[in-house]
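For reference, the structure is listed below as structure tokens.
The values are calculated or read from the model by the stated rules, or taken from the named source; none is laboratory data. Note that this is a predicted model, so its numbers are computed, not measured. Every residue, glycine as well, gets a Cβ built from its backbone with ideal geometry; the counts of neighbours run over all protein chains shown. Quick note on the areas: whole protein, heavy atoms, side chains included, nothing else; ligands and nucleic acids left out. Shrake-Rupley method; radii C 1.70, N 1.55, O 1.52, S 1.80 Å.
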Amino acid sequence: MRAEVEKLIDAVLDEADCIDDLIDAMREQRDAMQARDTEAVNSLMDETRDISFEVQTHENIRADIANKLAAMFSCEAKSSSLASFMENDEREEFKRAAEKLAQSVFLLKSEIMILNGLIDQNEKYTSMLLSEWRRLNGDTLSQSGSADFRG
């Protein structure tokens, strides 16, 4: 296998693994939220942020290698174009790696959709509670829009 192609395959797999780590951290964070473990949620938020930066780094590395290979093969830096210039064994391994990356991205998008749904639900619930609190307290908001807590 050519070294350049092997580098690309490794970069694709590294990115997929990193995305899988991000998915795991997001799921742990969701579990910590359900358990109302604020300390764990905060820690996992930091972890997901760090992993997100790592994913971006891996994505940039993969894109750079793909662009170099595309220039070398005189093709587009897309998986289908690159694969068409690979030898059979390279092509099969590359396709497996690309499929793994696509699956990881799909799962990440699913987790993001779940998280967005939970955020929307929380926002609606908070709004309802605030509305009820205002109703019970006679809608006593000051001119600035903040609650009036004077005795």
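A few comments on the model shown:
- Of the two radii for region 1-126, the radius of gyration is 1.12 times the Kirkwood radius, both from the alpha carbons; that is the Rg over Rh value.
- Largest mean-square fluctuation among Glu111, Glu90, Glu39, in a Gaussian network model of the chain whose springs join Cα atoms under 10 Å apart, belongs to Glu39.
- Length-normalised contact order of region 12-101 in % [C-alpha pairs under 8 Å, at least 6 apart]: 34
- Over the chain, dividing the summed -39,500 (n - 2.57) contributions of all DSSP H runs of at least 4 residues by the number of residues returns a 222 nm mean residue ellipticity of -29500 deg cm²/dmol.
- Placing a pseudo-label 7 Å from each Cα along the Cα-to-Cβ vector at Ala71 and Glu92 gives an inter-label distance of 3.2 nm.
- Folded to 0 to 90 degrees: helix 38-73 orientation relative to the chain principal axis, Cα: 30
- Share of carbon and sulfur in the accessible heavy-atom surface of the chain [1.4 Å probe, %]: 51
- Against the chain, whose longest principal axis is taken from its Cα atoms, helix 3-34 shows a tilt of about 20°.
- The label point for Phe53 and the one for Phe106, both projected 7 Å from the Cα toward the Cβ, are 3.2 nm apart.
- Folded to 0 to 90 degrees: helix 88-136 orientation relative to the chain principal axis, Cα: 10
- The mean accessible area for residues of the chain, using a 1.4 Å probe and ignoring ligands and nucleic acids, is 69 Å² per residue.
- Mean separation of Cα contacts under 8 Å, 6 or more apart, over the residue count of the chain: relative contact order %: 29
- Accessible surface ranking that places the most exposed of Lys68, Lys100 first, with a 1.4 angstrom probe: Lys68, Lys100
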